Amino acid sequence: MDINFTLVGLTVAFVVFILICRAYVWPPLINAMRARQERIAHGLENAEKAEEALAKSNADAEVLLRDARAEGQRIIEQARAQATMVVDDAKEQAREEGERRLTAARAEITQEINRARESLRQEVAYLAVVGASRILSSEIDRRKHAAMLENLVREL
């Protein structure tokens with residue numbers, strides 16, 4: 001064998017191999033690489049869109065959270081104002097109830113004082129009449145006795 005013939009044979013075999021690879025192997029590989037490249041590009045685009053959507057969602061969530069906090073603060077302030085109003089109303093009602101009870105107690109005390117005075121007048125009159133009747137039992141008649149008793153009650 002001659003080295004030239006081997007070299008030419010190897011060259012022809014290599015050229016045929018390259019032509020076969022170029023015709024049958026290379027196009028599917030190129031197509032597969034292009035398809036993968038497109039999928040990767042679409043994936044990156046989708047990732048960027050998702051990232052933008054996430055950023056927008058985070059911004060929207062911040063706005064909603066801020067609004068919710070403001071609404072919660074407003075509700076708390078309203079509750080405090082209402083609680084203060086309820087406490088003030090309760091104090092006013094308690095004060096009015098206390099004044100009403102005090103007025104009723106004073107009226108009752110006044111009535112008791114008047115009853116006690118009337119009772120004392122009657123007892124004093126009775127005692128005075130009994131004492132006077134014992135002293136003057138024979139000298140005073142019944143009409144004079146009743147008139148004296150009435151005068152005595154009026155004076156007391």
Segment 22-84 and segment 89-104: distance between their alpha carbon centers, rounded to Å: 63
The chain, accessible area per residue, ligands and nucleic acids excluded (1.4 Å, Å²): 90
Listed candidates (i) 233; (ii) 153; (iii) 480 - label of the one calculated as volume of the Cα convex hull per residue in Å³: (i)
Accessible-area composition of segment 1-118, carbon plus sulfur, in percent [1.4 Å probe]: 63
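The values are calculated or read from the model by the stated rules, or taken from the named source; none is laboratory data. Remember, it's a predicted structure, so these values are computed and weren't measured experimentally. Accessible surface areas use protein heavy atoms only, side chains included; no ligands, DNA or RNA. Shrake-Rupley method; radii C 1.70, N 1.55, O 1.52, S 1.80 Å.
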